[in-house]
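Below you'll find the structure, written out as C-alpha cells, and then a few comments.
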Amino acid sequence: MTIVTPSRRGILGALAAVPLATPFVANRAAAQGVTLRAADIHPDGYPTIEGVKFMGKLVEERTSGRIRIQMFHSRQLGEEKDTLEQTRFGVIDFTRVNTAPLNNLVPATIAMGLPFLFRDTPHMHKVMDGPIGEEIGRDTTSYGLITLAYYDSGARSFYTKPHAVQEPAQLKGLKIRVQQSDMWVALMRAFGANATPLPFGEVYSALQTGVVDGAENNEPTYFTSRHFEVAKFYTRTEHSNSPEILAMSKRSFDKLAKADQEIMRQAAKESVPHMRRLWAAMEDEARAKVVAGGTQMVQADKAAYAKLTQPVYDQFVKDAKLKSLVERIRAA
Ligand code: BDP
C-alpha cells in the first residue's frame, strides 16, 4: 500500500489538476511542436510571470512555433520547494524562484541573499549581470538546474501585525515567517526574532490566525499577496536584495538541439530588461496601493539592524568560495 502523505498529495494533486503535458521528446518536438511548462508562485501579471511570458513569445517566434512555454502561475504546480524538485527531475521545465529556497542545495546562492550585501539595485544588477552571476549560475548545473536569468526582487523589509519595528529590539518575542533556508532562519535569530520557516502560500492565514506576527518581503509581494490586509506596519529595513532566479530543468535543456538551447538562453536574457521595467513600475504601484489600503510605512534604523548581522556571515561565509564571492560582491 502506498501511503500518500498530505504534502505528497499536494504535489500530485497539483499535477493532476494540470492538463497532461506532452512528453518532451526531442524528435517529437521537431515533428509537432512541444509545450514546455513553467511554474511560479506569483499571480498572473506579476513582473516575474510577465518576464517568462515575454521569453516564451520570443522562443515561439524564433522556433516558428515548434517550442512554446506555458506559464502556470499562482502556485498551480506547488510551492517553490516542490517546483524546484520537480524541475530538477524534469517533471516541470522551468521554475522561477527566489534564491532562498536554493540556499540549502546550492551553497553559492547564499551569497545573493546575505544581509546588506548589495548596496542597492544598481549594485545588484552589476553583480548578477556580470561574471559573478555567471559563476553562481554555473553552480546550479550540477543540481540539475540551468540558470537562465536573474530577475529583480527589490529590497525585503519587515511587515508586522502588533507594531512597527524601527529598532531590532522591537522584534524581540515576535514570530516572523521566513523562507525555507537555514541562512534566513539564522538571520532572523541574529535580529532577535523567532524565525518560523513556512511556504509562501501559508503566510496569509498564518498572519491572520496569529501563527506568526509578521513576515518580510518586497512591496510588490506584500501587495499582491494581500498580506497588507493582515499586517499593517511595513518597516523599511531593506535588509536583503536577494534576486529571483529563472531556472530550466537540465533534463529538459539537454533534450533540446544546440540551436534551440541558444534560442532559450538568448530569449531569457532579453526578458530581463522587460521584467525590470515592469518591476520598477510595480514597486511604485504597490507602495501607493498598500498605503491607500491602510498600511503605515515606517523608516527603520538600518544601521542598528546591520550591526547584528556578523554572526550570519561567520556561520555561512566560511569556505574559500563564499568568502571570495562576498569579497568580490563588495568590491563590485
Ligand atoms: C517573493 C519572491 C518569491 C518567494 C517569496 C517568499 O518573489 O519567489 O517565494 O518572496 O517570501 O518576493 O516566499
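The values are calculated or read from the model by the stated rules, or taken from the named source; none is laboratory data. Since the structure is predicted, the reported quantities are computational estimates derived from the model, not experimental observations. Glycine also receives a Cβ, built like all others from the backbone with ideal geometry; neighbour counts cover every protein chain displayed. Ligands, DNA and RNA are excluded from the accessible area calculation, which covers all protein heavy atoms including side chains. Shrake-Rupley method; radii C 1.70, N 1.55, O 1.52, S 1.80 Å.
Some points to look at:
- Solvent-accessible surface of protein heavy atoms, probed at 1.4 angstrom with all chains present, puts M128, M71 in the order M71, M128, largest first.
- More than 27 Å apart - percent of Cα-Cα pairs taken over the chain: 44 percent
- Couplings for the stretch 203-211, taken from phi via the Karplus curve 6.51 cos²θ - 1.76 cosθ + 1.60 with θ = phi - 60°, read 6, 4, 6, 4, 5, 4, 8, x, 4 Hz in order; Gly and Pro are left as x.
- Label positions at Y313 and R189, each projected 7 Å from the Cα along the C-beta direction, are separated by 1.9 nm.
- DSSP beta bridge pairing in the chain, given as percent antiparallel to the nearest 5: 55 percent
- Averaged per residue, the chain has 42 square angstrom of accessible surface, using a 1.4 angstrom probe with ligands and nucleic acids left out.
- Rounded to the nearest 10 Å², the accessible area of K321 at probe 1.4 Å: 80 Å²
- Were the residues from D44 through Q266 laid out at 0.36 nm apart, the gain over their Cα-Cα distance would be 77.6 nm.
- In this label model, Q299 and A169 are separated by 2.0 nm, measuring between points 7 Å along each Cα→Cβ vector.
- Residues in the stretch 34-53 reached by a label modelled at E61 [backbone nitrogen below 17 Å; 7 Å Cα→Cβ]: 50-53
- Cα→Cβ-extended label distance, 7 Å offset, between D182 and S142, nm: 1.7 nm
- Rg followed by Dmax, in Å, when the stretch 159-317 is reduced to its Cα trace: 18.4, 56
- Residues in the stretch 268-284 carry Karplus couplings, in order, of 4, 4, 6, 6, 5, x, 4, 4, 5, 5, 5, 4, 4, 5, 5, 4, 5 Hz; the curve used is 6.51 cos²θ - 1.76 cosθ + 1.60 with θ = phi - 60°, and Gly or Pro positions show x.
- Using a probe radius of 1.4 angstrom, the carbon and sulfur fraction of the accessible surface of the chain is 54%.
- For I245, distant residues with modelled amide H under 5 Å away: V97, N98, T99, Y151
- The figure for R66 is an accessible area of roughly 80 square angstrom, using a 1.4 Å probe on the protein chains alone.
- On the beta carbon distance between A257 and A331, with R0 = 45 Å, the FRET formula returns roughly 0.70.
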